[in-house]
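Below: the structure, in structure tokens.
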2 protein chains.
Amino acid sequence: MAQFINTKEALVTEAIDGALRTAKGRLARLDGFPHIKVVVRAGWDKSKVALVSGGGSGHEPAHVGFIGKGMLTAAVCGDVFASPSVDAVLAGILAVTGPAGCLLIVKNYTGDRLNFGLAAERARAYGIKVSMVIVDDDIALPDLPQARGVAGTLFVHKIAGALAEEGANLDTVYQAAQQVIKQVASIGMSLDTCTVPGSPKEDRIAVGKAELGLGIHGESGVELVNFTTAQEAMKLVLERLKPHAGDGPKVALLNNLGGATPLEMVVLAEELAKSDMISDIRYLVGPAPMMTSLDMRGFSVSLLPVDDRELALMTAPVPMRDWPGCVELNAPAIQPIPDGLTPIKPIPSQEPATAAFVVQCCDLFIASETALNALDAQSGDGDTGSTLAGAARALKDAVDLLPLADVTQLYRAIGLELSQTMGGSSGVLLAIFFSATGDAISSGLSQVQALKAGLARVQEVGGAHPGDRTMIDALTPALDALPDGFVAAAKAARAGADHTADIVRAKAGRASYISEERLKGHNDPGAEAVARLFENLVSV
Amino acid sequence: MAQFINTKEALVTEAIDGALRTAKGRLARLDGFPHIKVVVRAGWDKSKVALVSGGGSGHEPAHVGFIGKGMLTAAVCGDVFASPSVDAVLAGILAVTGPAGCLLIVKNYTGDRLNFGLAAERARAYGIKVSMVIVDDDIALPDLPQARGVAGTLFVHKIAGALAEEGANLDTVYQAAQQVIKQVASIGMSLDTCTVPGSPKEDRIAVGKAELGLGIHGESGVELVNFTTAQEAMKLVLERLKPHAGDGPKVALLNNLGGATPLEMVVLAEELAKSDMISDIRYLVGPAPMMTSLDMRGFSVSLLPVDDRELALMTAPVPMRDWPGCVELNAPAIQPIPDGLTPIKPIPSQEPATAAFVVQCCDLFIASETALNALDAQSGDGDTGSTLAGAARALKDAVDLLPLADVTQLYRAIGLELSQTMGGSSGVLLAIFFSATGDAISSGLSQVQALKAGLARVQEVGGAHPGDRTMIDALTPALDALPDGFVAAAKAARAGADHTADIVRAKAGRASYISEERLKGHNDPGAEAVARLFENLVSV
């Protein structure tokens, strides 16, 4: 799978600069590219406890996206899935740590532990106060005492960050971080592995399967499970989290592992919110990509029981747009449907001549069904004739219910009838034509002018113009000629319809996708229908 | 490709409820599920012009994510890639429109035009003021006068939304929207097609290729191009946009089509910001998923030239987290690397006995290279011996440069030397061991106590404990016995090392991934190295 990157080597430095350019001046980086990839909070005065996190890249927006007031002070970035060097971590510590000291927030991977650990040692040799916490929130591997650090790390960033921003001292921040680490639990599920730049993709997970408990570096899951639905997936994940969930109100963090879509993530959020597997999940962070694993098509759920103090720290606002906030889960708010969806039924009235006229038109379309279908088969799915005939049959059946004596209402009623009985684009366009014509008559226009106004609205909504090989090519000249009588109108309609056989480049409607050869020599079925209608009106 | 959904039928309604649950009460929906899927701004008093948009789903966060103060008032959602019904649109209009009227913002697809168009007609029959604009920002199909509406629609939402929020009347909002539509241009590129729920995936784009100009419903691109790098991809996209770019300062909107990763998107942002293909791109919206196409692995760029007024409307803050904001593009801010990365070199001093001791230890490791490699081959990649021997050779070569007469500085210097010459986890852990021991001596501990303090730090950082089948299993008993002399220490180290052969379930280090059968009966190479060291010290 190709990726939108340049080289594997330049990937992380380019990504960092890309992030900095849109950071509104809130971020800066150290001048150590390519080896030292450290991003720091701009304008930081070192007056409070600094929070330094980081690790391998490929987890964006972690960690650069969480630098700022109320969360991290610096992020030390390694290459993709590779720990940053000791020098890089040390540079990060030295760049942001003042007399209040600094807390290193490290995810539990050997490389990160060692490199952050040695950097801490070297910083301490300068007399700098450094504490380190190791996040091990992943419950996927119950037998390994060294649980991995995954998306639960975000809770540590947020709570420790909010405390540090309040001016708490290093020990207080450290204790709060340890308290979060003790309580937080996470597990992930994925439908596919991730694509590591420069490495062939491992197609490990078969279709219909999902991995439960996989790591954020593409490590295999602890279990290959059958995948059926989002509901079952969330159920499995919550089942595993349940024994670790703790008591009291909880915050869930719903993390997109990179390749799940926004649509899938809200469906998963809905399942999480609806589930009663774990009681008292009252707040949600996300859904959002926070701790990703490149393009892994999966999600993780992290759970933290919170007291009032921790909740306040979790919900304290921060300016970073990658932090989705921690919001209370509510039932969906529902409003009644407004009145007016059921159109007012017109009051039937009698006018035998008009009824006969309508029936005559309907009969013409019913009689033309096969011929128009045959024409449509040249440019579409061959159903124009049937569509028109079906609508005509319905209209004919309803003719006694029409307000035949009131021409304004009659046009509107025909429009309404067509919108309910005639499928496809043509049904909507004809409904618009008749409705708009009725409106125009009610505003005082003559019938011919009103029909033209209706046609104008059809063009505005449908986007077709004369010459686009549509019914408009017959209807426009017919309406122009109508003041001279039906004969003139029929002649004009026929000329317009026949001209469509020479229009080989359709610019609107479905025929615009058809090759020129197939169109040449065949009238547009809509235009032909209009011509037949006017010719029929003359012939009687 | 499986997806985290339940059924195709319930997908959109579940997604809407999922979005509502985390909307902090800012959204509500109409009570018309499943046919009428309309989300409205909660608490809307109809005192200003309402903005109604929508269309097929599968473009999340569009359109529900952009409902709120300063953007949309309602979103009418169809099923995936299917236009909502006329009734649904009408319900949306009726639910939010007051005397100030309403603007329908429609993307240029036939179904949306028709259904929004007919709904407008029906609303007008109630005397409601409705205007409609049709967004056609896609420049991919230059021959079709009916350009599609894609991510540039977001500019219309934002600018019209900010104006409406200010209290502008319908005509002003309509004119501003039309002005944006006239000027905005978009094009997309993708490395893969999208997966429509319930349909087989079309594998249309070969590896190494990209489609330029594809639509947001998976329609084929106008051109299959070779894909090499993010830079070339952005160059192609900007080349196509250039003739449409207009004059003066511009805002670019960088949209994730759904399946590109956050990492790729910032790389693309960097390329967009660095490019001089189009002058005066001063502001950026994104990168973010805004108008997606399910899981399409692609991006789109939309460009809008803006005057001061439009820029103010673009940058007006809104509370929706899916709107990434419109920020000024800045060069990355760079800070100098802090002092202190280069450790202070110790001042060499002479002490022949200490030098001989160090050399003796080094020689032992050099002599044990093959044997330790063989042991390591049982549980790792067989290089423990070579790693130790390599470090020992380097340390032996540097022995005359060590501060041999100052034991505190000597430990620190050995730690530093090992951190620079010895690779792998063991190099870092030994560096931490010696550095922390040196620190402990300087704080007044005896040498044995200091060595234990160093070991404690190694355990904290490395996470290993006695019984985990590491060098700690030999070093811990050896240091405990050391006050009784080297013989006792050597005996204890040997017993500890030999015990590791019975530990078949390694809990730390690489051996933790190895099967029990392979470990049984073989000493851990690190523990063996420690035992050999102490035995060697006795034997001389």
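The values are calculated or read from the model by the stated rules, or taken from the named source; none is laboratory data. Because the structure is predicted, anything quoted here is derived from the model rather than measured. Reconstructed Cβ throughout: ideal geometry from the backbone, glycine too, with neighbour counts over all protein chains shown. Protein only, heavy atoms only, side chains kept; ligands, DNA and RNA dropped before computing areas. Shrake-Rupley method; radii C 1.70, N 1.55, O 1.52, S 1.80 Å.
Points worth noting:
- Counting, for every residue in B:26-32, the Cβ atoms of other protein chains within 10 Å of its Cβ and taking the mean gives 4.
- Placing R0 at 41 angstrom, the Cβ-Cβ distance between B:D31 and B:R309 gives a FRET efficiency of 0.55 after rounding to 0.05.
- Using alpha-carbon coordinates, inclination of helix A:472-481 to the longest axis of chain A, degrees: 40
- Across the stretch B:18-175, Cα-Cα pairs farther apart than 25 Å form 21% of the total.
- Long-range HN-HN contacts of A:K209 with modeled amide H, under 5 Å: A:F227
- In degrees, nearest ten, helix B:486-499 long axis to first principal axis of chain B (Cα): 50
- Pseudo-label separations to other copies for A:K8 - Cα-to-Cβ vector, 7 Å, nm: 3.9
- Residues with amide H under 5 Å from that of A:G78, placed H, sequence gap 5 or more: A:G55, A:G56, A:S57
- Three principal axis lengths of the stretch B:352-539 [C-alpha, angstrom, descending]: 48, 32, 29
- Closest approach to the B/A rotation axis among chain B Cβ atoms, residue and whole-Å value: B:G259, 3
- Contact residues in the stretch A:262-297 (at least 40 Å² less accessible area with all protein chains than alone, 1.4 Å probe): A:P262, A:L263, A:E264, A:V266, A:V267, A:E270, A:R297.
- A:R124/A:N169 FRET efficiency (R0 25 Å; Cβ-Cβ; nearest 0.05): 0.90
- Heavy-atom SASA rank of A:T437, A:T342 (probe 1.4 Å, accessible area, largest first): A:T342, A:T437
- For the stretch A:47-55, the Karplus equation 6.51 cos²θ - 1.76 cosθ + 1.60, evaluated at θ = phi - 60°, returns couplings of 7, 10, 4, 8, 10, 10, 10, x, x Hz by residue, with Gly and Pro reported as x.
- The residues of the stretch A:352-539 expose, per residue, 41 Å² of accessible area to a 1.4 Å probe.
- All other residues whose Cβ lies under 12 angstrom from that of A:E417 are scored, Lys and Arg at +1 and Asp and Glu at -1, for a net of +3.
- Gyration tensor over alpha-carbon atoms, the stretch A:225-309, equivalent ellipsoid semi-axes in Å: 21, 15, 11
- Nearest-first distances (nm) between copies at A:Q449, label 7 Å from Cα via Cβ: 10.8
- Inter-copy label distances for A:A495: 11.6 nm (label point placed 7 Å from Cα along Cα→Cβ; shortest first).
- Spread of Cα-to-Cα distances over 20 Å intervals beginning at zero, given as percent, for the protein assembly as shown: 12, 36, 29, 15, 7, 2, 0
- Bridges between two residues of the protein assembly as shown, per DSSP, are antiparallel at a rate of about 55%.
- Of A:K107/B:K24; B:K491/B:K520; A:K520/B:K201, those spanning more than 24 Å from alpha-carbon to alpha-carbon: A:K107/B:K24; A:K520/B:K201
- For the chain pair B and A, the buried solvent-accessible surface (1.4 Å probe, both sides summed) amounts to about 10100 Å².
- Residue-normalised accessible area of the stretch A:1-135, given per residue in Å² at a 1.4 Å probe: 27
- Take each residue of peptide A:121-133, count the partner chain Cβ atoms within 10 Å of its Cβ, and average: the result is 4.
- DSSP bridge pairs, chain B: antiparallel proportion in percent, nearest 5: 55
- Those residues of the stretch A:62-102 for which accessible area with every protein chain present is at least 40 Å² below the isolated value (1.4 Å probe): A:L94
- Nearest 10 degrees, 0 to 90: helix A:230-241 Cα axis against chain A principal axis: 10
- Per-residue accessible area (protein heavy atoms, 1.4 Å probe) orders A:D480, B:D524, B:D276 as B:D276, A:D480, B:D524, starting from the largest.
- Look at the stretch A:425-436: the mean tally of other chain Cβ atoms within 10 Å of its residues' Cβ atoms is 4.
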